[in-house]
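S.K.: Here it is, the structure in full.
The values are calculated or read from the model by the stated rules, or taken from the named source; none is laboratory data. If you're wondering where the values come from, they're calculated on a predicted model, not measured in any experiment. Note: ideal-geometry Cβ built from the backbone for every residue, glycine included; neighbour counts use all protein chains shown. For the accessible areas, the whole protein counts, side chains as well, though only heavy atoms, and no ligand, DNA or RNA atoms are used. Shrake-Rupley method; radii C 1.70, N 1.55, O 1.52, S 1.80 Å.
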Amino acid sequence: MSRLLRLAGRPAVWVSGAFLLVLGALPYSAGLFGALFPDLPRPLYSRASFLDLALSHAALVGIATLVVVGVGIGVGIFVTRPVGRDFAGPIDTLTAVGQTFPPTAVLALAVPAMGYGGAPTVMALIVYGLLPVVSATIAGLNAVPRAPMQAADGIGLSPGGRLLKVELPLAAPVILSGVRTSVVLNIGTATIGSTVGALTLGSPIIEGLSGSNPAYVIQGAVLVGLFAVAADLWLDELERALT
Amino acid sequence: MIVLDRLTKRFGTTLAVDNLSLTVPNGSICALVGASGCGKSTTLRLINRLSEPDGGHVLIDGTDAASLAPVALRRRIGYVIQSIGLFPHWSIARNIGTVPELLGWPAHRVAQRVDELLDLVGLDPARYRSRRPHELSGGQQQRVGVARALAADPDLLLMDEPFGALDPVTRDGLQGALLDIQARTRKTVVIVTHDIDEAIRLASLIAVLDGGRLIQQGSPHELLARPANAFVEAFVGGPRRGLRLLQVTPVGERTRYGMGAEGVPIDAGATLDVALERMVTGNIDRIPVLDRATGRSGALSLTDIVAPDGALR
C-alpha cells in the first residue's frame with residue numbers, strides 16, 4: 001500500500017496519465033483544433049484512430065527493442081569474453097557506423113528487399129538502436145569490480161555461473177541505461193516509418209507536413225513526445241529499482 | 001596432505017615459480033612468505049588451478065589436481081583473498097551459502113550452515129545474516145569471506161594475504177579467530193603473506209620464497225634459529241630476529257625443573273617473550289614455572305632466556 005502511494009507521486013505515473021488522457025481526449029478535440037486553425041477544412045486527423053496509431057507504434061518499437069536487447073546484450077557479452085575479445089574493436093566500429101547511418105537511408109535500402117510497411121521500419125529501428133545497448137553492455141561488464149570476479153572464480157563458480165550470478169546483475173543498471181537510450185531514441189525514430197507505409201504516431205505528422213496541416217503535426221508530435229517521456233521515466237524507475 | 005612436486009610456472013620469459021617442491025601435512029597451517037613478486041601468490045593459485053603449471057604436479061591427498069575438473073576442485077577448496085570480494089548485490093547469508101548452493105544442498109541445510117559459520121567467525125547470525133556487504137566494516141567483511149570459504153566444509157583452505165588490507169587491531173582479531181577456527185576444525189591451511197610476524201604467529205610451517213624458488217622451509221623456530229642464508233635471515237628477522245625467537249620458544253624448553261622461585265607461576269607452554277615481559281614489569285630476574293600437563297614445577301631465570309645452555313659467554 002505504501003509502495004503504491006510512493007509510486008503515485010512519481011513523474012512516470014503523471015506523464016503516463018497525461019499520455020493516456022490526451023490519447024483518449026483527442027478524438028473529441030475537433031472543435032478545439034477547428035477554433036485554433038479556422039482555415040483548415042479537416043482540423044482533426046481521422047485516417048486511423050489515434051489508439052490504433054499508438055498501439056502500432058508501440059508494437060514496432062517493442063519488437064525492435066526485443067531484438068535490440070537480445071542481440072545487443074548478446075554481442076556485448078561475447079566481446080567481453082576471452083573468445084570474443086579480439087572482436088571488441090570491430091564490433092564497436094560497426095555499431096557506431098550503424099548509428100551514423102541515417103534511419104531514412106536504412107528505410108530506403110530496406111524497402112526494395114522487404115516491401116512497404118512495418119518490416120523495413122523495424123529493420124531501421126534495430127540498426128539504429130543497437131549502439132547504445134551494445135556499448136552500455138560492454139561498459140557495464142567492464143566496470144564490474146575485480147574483487148567479486150576473482151572471488152567467484154576462486155570459490156568455484158563456472159564462467160557461465162559467474163556471468164549470470166555476478167557480472168550481469170552488477171552490470172544491469174548500466175545496461176538498462178543503454179536500453180533506455182535506445183528505446184527513447186526509437187520511439188522518436190519510428191515516426192519516419194510512416195513514410196514507407198507503417199502505421200505510427202508519425203502518420204499524422206508526415207501527412208500534416210506534406211498537406212500543410214499543422215494541426216495534424218501537433219496531434220502526432222504531442223502524443224509521440226509524451227510517449228517517449230513516459231517510457232524514459234518508467235525505465236528510469238526500473239533502473240533505480242535495480243541499484 | 002598437499003604435495004607440491006617440482007612446480008614450475010612461466011609468465012613469458014620470467015620464471016614465476018621455479019621447480020618448487022613442498023609438502024604440507026594435513027591439519028597444519030603453512031605460510032608462503034617472501035617479497036612482492038617472489039611467486040607466493042602464483043604458487044597458491046596453482047593449487048586450486050586458477051593458474052596451470054608449466055611443469056610439475058599438485059597432489060591433494062594423493063590425487064593429482066590436474067586430473068580433476070577445475071570448477072569441481074575449487075568448490076572443495078576454501079579460498080580467501082585480500083580484496084575479500086563479497087558479492088555486493090547479495091545478502092551476507094547468500095554470500096556465505098554460495099558454494100553449498102552450487103553443490104545442491106537443500107535450502108534449510110544451507111541456512112543452518114550459514115548460521116553455524118556466522119557463529120564460528122564471531123558474527124551474530126540474527127544481526128548479520130540479512131545485511132548487505134557494504135553495511136559491514138572491512139574486518140567484518142573478511143570474517144564473512146572466511147565463513148564463505150569454509151561453507152562447504154572443505155579440508156583445505158587457501159588464503160592470499162587475507163588480512164593484508166586490515167588495520168593492525170582488526171588483523172590481530174582475525175588472526176586469533178583463524179587460529180581458533182583451525183584448532184577446532186583441523187583444516188589444512190596454506191596462507192600467503194609478506195608479513196613475517198603473521199607467518200610466525202599462525203604457521204607451523206613457513207616456506208620462504210625468492211625469485212620463484214623455495215629458499216628454506218621449516219618451523220618458525222627453525223627459520224629464526226637457523227636461517228639458511230643471509231636472505232632468509234634478513235627476511236625473517238633482521239634486527240628483530242632475537243626478539244622473534246623469544247616468541248616461538250616455549251618456556252618449558254629453558255626451565256630448570258626442581259628449582260624454585262617466588263611468585264605466580266607461568267605456564268610451561270607460554271613463550272619466552274611472555275616470561276621476559278613478566279620479569280621486566282615485575283623487576284625480577286627469576287619466575288616460577290608450572291607444567292600443567294605433567295604437574296612438574298621449576299624456575300626460569302633471565303640468563304636462561306638469554307642463553308640456551310644457561311651459560312653466558
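S.K.: For the range B:216-305, which GluC sites (Glu not before Pro) pass both filters: DSSP loop (anything but H, G, I, E, B) and at most 15 other C-beta atoms within 10 Å?
M.R.: In loop regions of the range B:216-305 (DSSP not H, G, I, E or B), the sparsely surrounded GluC sites (Glu not before Pro) are B:Glu262.
S.K.: Leaving ligands, DNA and RNA out of it, work out the accessible area of A:Asp232 with a 1.4 Å probe and give it in Å² to the nearest 10.
M.R.: My reading of the accessible area for A:Asp232 is about 40 Å².
S.K.: If you don't mind, there's one more thing I want to ask. Calculated from DSSP H runs of 4 or more alone, at -39500 (n - 2.57) each and per residue, what is the 222 nm mean residue ellipticity of the protein assembly as shown, nearest 500?
M.R.: -16500 deg cm²/dmol
S.K.: Can you quote the Å³ per residue value for the convex hull of the Cα atoms in the range A:41-185, rounded to an integer?
M.R.: Looking at the range A:41-185, the number lands at 137 Å³ per residue.
S.K.: Using a 1.4 angstrom probe on the protein heavy atoms only, line up B:Thr281, A:Thr121 by accessible area, largest first.
M.R.: So the residues, ranked largest to smallest area, are B:Thr281, A:Thr121.
S.K.: Another question, then. If you take the alpha carbon radius of gyration of the range B:65-211 and divide it by 2.2 N^0.38 Å, what ratio comes out, to two decimals?
M.R.: With N residues counted in the range B:65-211, Rg over 2.2 N^0.38 Å equals 1.03.
S.K.: Under 12 Å Cα to Cα from B:Lys9, which aspartates and glutamates show up? Leave out anything in the same chain fewer than 8 places away.
M.R.: B:Asp18, B:Glu52, B:Asp54
S.K.: For the protein assembly as shown, what proportion of DSSP beta bridges, expressed in % and rounded to the nearest 5, is antiparallel?
M.R.: Bridges in the protein assembly as shown are about 55 percent antiparallel.
S.K.: Further question: If a helix is a whole DSSP H run, which ones in chain B reach 24 Å or further along their own axis (Cα) and hold a mean Kyte-Doolittle hydropathy of at least -1.0?
M.R.: B:168-185
S.K.: Using only the Cα atoms of the range A:179-243, each taken as one equal point scatterer with no solvent, compute I(q) by the Debye sum, divide by I(0), and report log10 of the ratio at q = 0.14, 0.15 Å⁻¹.
M.R.: Rounded to two decimals, the profile gives -0.45, -0.50.
S.K.: Return the value, in Å² to the nearest 100, of accessible area buried between chains A and B (probe 1.4 Å, both sides summed).
M.R.: In total, this chain pair buries about 1400 Å².
S.K.: By the scheme Lys and Arg +1, Asp and Glu -1, what is the net charge of all other residues having a beta-carbon under 10 Å from that of B:Gly263?
M.R.: +1
S.K.: If you don't mind, there's one more thing I want to ask. Relative to 2.2 N^0.38 Å, what does the C-alpha radius of gyration of the range B:39-121 come to as a ratio? Two decimals please.
M.R.: 1.28
S.K.: Quick one, can you get me the convex hull of the C-alpha atoms of the range A:112-243 expressed as volume per residue in Å³?
M.R.: Measuring per residue, one finds 110 Å³ for the Cα hull of the range A:112-243.
S.K.: Note every residue of the range A:155-182 with a reduction of at least 30 square angstrom in accessible area, all protein chains present versus the isolated chain, computed with a 1.4 Å probe, or write none.
M.R.: A:Ile155, A:Gly156, A:Leu157, A:Lys165, A:Leu170
S.K.: Please label the shape of the range A:141-213 as rounded, prolate or oblate, based on the square roots a ≥ b ≥ c of the eigenvalues of the alpha-carbon gyration tensor (a/c under 1.5 means rounded; beyond that, a/b larger than b/c means prolate, else oblate).
M.R.: Here the range A:141-213 falls in the prolate category.
S.K.: Then there is this: What are the DSSP H helices in chain A that stretch 24 Å or more along their long axis, judged by alpha-carbon atoms, and whose average Kyte-Doolittle hydropathy comes to at least 0.5?
M.R.: Span-like helices here: A:50-79, A:118-142, A:168-189, A:214-242.
S.K.: Now for a different question. Using label points projected 7 Å from each Cα along Cα→Cβ, tell me how many nm separate B:Arg213 and B:Asp64, to one decimal.
M.R.: Using points 7 Å along Cα→Cβ, the separation is 2.7 nm.
S.K.: What is the Cα centroid distance between the range B:36-75 and the range B:100-140, reported in whole angstrom?
M.R.: Comparing the Cα centres of the range B:36-75 and the range B:100-140, I get a distance of 28 Å.
S.K.: Over the range A:1-83, how many percent of alpha carbon pairs lie in each 10 Å bin up to the one with the longest distance?
M.R.: 14, 23, 25, 22, 11, 4, 1
S.K.: Heavy atoms only, probe 1.4 angstrom, no DNA, RNA or ligands counted: give me B:Trp90, B:Trp105, A:Trp234, A:Trp14 ranked by accessible area, highest first.
M.R.: I get A:Trp14, A:Trp234, B:Trp105, B:Trp90, largest accessible area first.
S.K.: Okay, moving on. Once the mean 1/r over all distinct Cα pairs of the range B:224-313 is inverted, what Kirkwood radius in angstroms do you read off?
M.R.: Its Kirkwood hydrodynamic radius stands at 13.7 Å.
S.K.: Not counting ligands, DNA or RNA, and with a 1.4 Å probe, what is B:Asp153's accessible surface area in Å² rounded to the nearest 10?
M.R.: We get 90 Å² for B:Asp153.
S.K.: So what are the three principal axis dimensions of the protein assembly as shown from its Cα atoms, in whole Å, longest to shortest?
M.R.: Over the protein assembly as shown, Cα extents along the principal axes are 123, 54, 43 Å.
S.K.: Same structure again: If ligands, DNA and RNA are left out, what is the accessible area of A:Val174 with a 1.4 Å probe, given in Å² to the nearest 10?
M.R.: About 60 Å², rounded to the nearest 10.
S.K.: So what does log10 I(q)/I(0) come out to for chain B at q = 0.08 Å⁻¹, using the Debye formula with one equal point on every Cα and no solvent?
M.R.: Scattering profile of chain B, log10 relative to I(0): -0.44.
S.K.: Report the far tail of the P(r) of chain A, meaning the percent of Cα-Cα pairs longer than 31 Å.
M.R.: Roughly 36 percent, rounded to a whole number.
S.K.: Can you sort A:Tyr28, A:Tyr216, B:Tyr257 by 1.4 Å-probe accessible area, starting with the largest?
M.R.: A:Tyr28, B:Tyr257, A:Tyr216
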